[in-house]
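K.L.:
Next up is a structure, given as structure tokens.
The values are calculated or read from the model by the stated rules, or taken from the named source; none is laboratory data. Source: prediction; values computed, not measured. As a convention, Cβ positions derive from the backbone with ideal geometry for all residues, glycine included, and neighbour counts pool all protein chains shown.
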Amino acid sequence: MESAQQNDENTVGNHLSSEPEQPLSKNAQKKLLKQQRFEAKKAEKKAMIKEHKKREAERKKREWEEKLGSLGSEEERQRLIESRKELRKERMEKRSQEKEKKLERLNNAKLNGQKIVIDLEFGYLMNSTELHSLVQQIMYCYAVNVRCASPAHLWLTGCEGEIKSQLQRLPGYEKWLIDKESRPYVEVFQDQKEDLVYLTADSDSVLDELDPKKIYIIGGMVDRNRWKGITLNKAKEQGIQTAKLPIGSYLKMSSSQVLTVNQVIEILLKYLETRDWKASFFEVIPQRKRCEAESEDQDHNVEEQANGEKDDLEIKKQCIET
Ligand SMILES: C[S@@+](CC[C@H](N)C(=O)[O-])C[C@H]1O[C@@H](n2cnc3c(N)ncnc32)[C@H](O)[C@@H]1O
């Protein structure tokens, strides 16, 4: 909707200006159309959810009133009202206890958790759709980490420019219990350079296990591997160790072994919990990316979610809550 409006405004502006209109290239037209379709679909989905919520609230209200009305005496009605209040109070207390525990876990992770860095220095290589996807992936990573029994100590480094602006637009982002740094990781961890390990599918070294002393870096990129080898080369130039996930030892992939940021983080978190690479891969890597036929499939590719395949409301809720 927004894009359509912006487009209309641009068109009006063009009519008023004395300069001749610059026709959009075929590629730009395609992109614009895609963006407009995406926005329209998003708005439609939002309206549907709003309508559904409204109907649910009305239904519940009706049910409650019917229930109250079916009771014979005022005393019974009062008892029912009181028990509902009590139930609500218990639920709220339980929620606030859970929230406290979550905060405690995240604060502990800041002190003792496995350090995992998302390197956001590649923003300039991505278009706005890719940046948007990356933001969704980061949001997803945060939500998964929050839910973890043993969360990691997450860092965003090189967090500047457009990516920072997009992240700041996420509701609740300011309160995220995560380290946000505008400086690059080489500066942030300049005294621990020997502990930095850049994770990259292009590395020759295979990650055997996670070392609590090490700081694992993940390239904050959504590039459909257009920039193949970019993280490996960066790490090499900086004299930083590299490693790839041991996917090949446990799985045959139908396509490349390059995973999305959120998939890598989810695998690391699963591994921290289970110390079992195979289980972690099977839980996170979508079946269509694997050769073997598996029954369990948990596809958490947020790029697809952004395209409307999955509902990201729950993720957003998690991110706002903490
Ligand atoms: C979408 S990939 C970016 C690919 C990019 N062209 C590159 O050269 O890294 C996002 C990040 O996830 C991590 N990653 C993806 N697959 C991996 C694998 N099989 N092993 C280790 N890290 C991986 C890397 O840190 C990578 O930069």
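K.L.:
Does L269 satisfy the criteria of being closer than 24 Å to S203 by Cα, touching a Cys at 6+ places or on another chain (Cβ under 7 Å) and modelled with pLDDT of 95 or more? Can you show your working first?
P.N.:
Details: closer than 24 Å to S203 by Cα: yes; touching a Cys at 6+ places or on another chain (Cβ under 7 Å): yes; modelled with pLDDT of 95 or more: yes.
Yes.
K.L.:
Filter region 215-247 for residues that are charged (D, E, K, R) and crowded, with 18+ Cβ neighbours inside 10 Å; which is farthest from the ligand (Cβ to nearest atom)? Break it down stepwise before answering.
P.N.:
Kept after step one, since they are charged (D, E, K, R), are these residues of region 215-247: 223-224, 226, 228, 234, 236-237, 244.
So of that shortlist, the ones also crowded, with 18+ Cβ neighbours inside 10 Å come out as 234, 244.
Values: K234: 8, K244: 4 Å.
Among those residues, the one meeting the criterion is K234.
K.L.:
Which condition number in (1) acidic (D, E); (2) more than 15 Å from the chain's Cα centre (by Cα); (3) over 24 Å from K270 (Cβ atoms) is the one that D179 fails?
P.N.:
(3)
K.L.:
Does L111 satisfy being of a type in the set (A, V, I, L, M), surrounded by fewer than 14 Cβ atoms within 10 Å (Cβ to Cβ) and more than 28 Å from V197 (Cβ to Cβ)?
P.N.:
Values: of a type in the set (A, V, I, L, M): yes; surrounded by fewer than 14 Cβ atoms within 10 Å (Cβ to Cβ): yes; more than 28 Å from V197 (Cβ to Cβ): no.
So L111 fails the test.
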